[in-house]
Amino acid sequence: MGISFSADEVFEMAMDIEKNCEAYYRKALALAKSAGVKAVFADLMEQEQHHYAAFKGLRDKLPPRTSLPTVADPESEEYLYLDALVKSRLFNTVREAEALAAKAGGEIEALRSALVFEKDTVLFFQTMKAITDERLGRSEVDRIIEEEHRHIVRISKAIKEAEGKGSR
């Protein structure tokens, strides 16, 4: 028998991811030295706040029945995939996110870590989109995926610029 989960739970996971990513960027911003990298972290932090608000808005609009199992996943594959992705690569808590940022050996390493979790975030949201009913915000999830893609491009450019300047 499969594990049942709801759209409410999926949106809650997404909100947690955004909150934890924001915490990472806040800590990385505080530790960054160059103005260019600081600007990247500040912008990404602000965008994560907007994503959190978007997911919260979607979650708040869910009809009460969506707190019941609403995701068709009879073999529990999607649930297990989402759970494994969150536990293996994404931060589970704000404290873990801040610790990872503090542990970075410099701006380039902090950017590289950000690149990894942004890619993982896209994977999570793509799976989330696939299991989200159109009436429950699939198009909004799609918009956030596009924004996360832009984060990846922005971070990739910032890494190239930082490597070009030799800052570590």
Can you pull out the residues in segment 22-48 that are farther than 15 Å from R154 by Cα, surrounded by 15 or more Cβ atoms within 10 Å (Cβ to Cβ) and of a type outside the set (A, V, I, L, M)?
-> E22, Y24, R26, K27
Near pairs, Cβ below 7 angstrom, 6+ apart or cross-chain, from segment 109-138 (on the phi > 0 side of the Ramachandran plot and at pLDDT 80 or above) to any residue that is surrounded by fewer than 21 Cβ atoms within 10 Å (Cβ to Cβ) and assigned to a helix (DSSP H, G or I) = none
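The values are calculated or read from the model by the stated rules, or taken from the named source; none is laboratory data. Quick caveat, the model's predicted, so the values are computed rather than measured. Backbone-built Cβ (ideal geometry, glycine too); neighbour counts: all protein chains shown.
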